[in-house]
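Asker: Quick one: the structure is below, questions incoming.
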Amino acid sequence: MRHISSFFILFFFALSLGTLVFAQELPGDMAAPEEKLEQIKMLEEGVITGPVVSLNADSGAITVNVDEGIEKTFFVVSGETILWKGIDDVELSDIKKGDKAEVGYYTNGEGKLIASWVDILIEEEIFPLGAAEKAKEEIGQ
């Protein structure tokens with residue numbers, strides 16, 4: 001009986017000690033809920049689509065309207081960000097205000113939105129069914 005009570009005392013001591021160790025908050029965990037929300041926002045990444053609102057080739061910034069009245073500015077990093085228009089590689093100077101862009105991005109340690117890639121969307125010409133056969137007949141193939 002004595003061994004069993006010693007076992008339970010030792011068990012509860014170890015349990016309480018473990019609880020104290022794991023209950024200690026790290027300095028980053030002591031942030032207020034609003035600050036934690038800001039930290040989460042800083043880790044933002046994703047893909048957005050919208051018209052290009054403005055460009056600044058000097059700073060390497062491209063601003064896209066992601067929703068009515070909501071704009072996001074992304075920074076293009078030379079040698080890192082990939083720029084396309086359809087299947088062609090382009091330069092930031094080739095992108096025009098009003099172009100529809102799809103931007104893959106992440107937030108860096110300073111809280112800036114960095115464009116991983118920017119794809120300027122082009123309207124593809126859609127041919128009606130049977131158009132290929134009709135075109136072949138017209139050229140005699």
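We did not get these values from a lab; they are worked out from the coordinates using the rules stated. These numbers come from a predicted model, not from an experiment. Note: ideal-geometry Cβ built from the backbone for every residue, glycine included; neighbour counts use all protein chains shown.
Asker: Scan region 78-128 residue by residue and report those that are without any contact (Cβ under 8 Å) to a residue 40 or more places away in the chain, part of a loop (DSSP other than H, G, I, E, B) and surrounded by 13 or more Cβ atoms within 10 Å (Cβ to Cβ).
Answerer: Residues satisfying the conditions are 81, 90, 112, 122.
Asker: Examine region 49-69 for a residue that is in contact (Cβ under 8 Å) with a residue 60 or more places away in the chain and in a loop (DSSP other than H, G, I, E, B), and state whether such a residue exists.
Answerer: Checking region 49-69: not a single residue is in contact (Cβ under 8 Å) with a residue 60 or more places away in the chain and in a loop (DSSP other than H, G, I, E, B).
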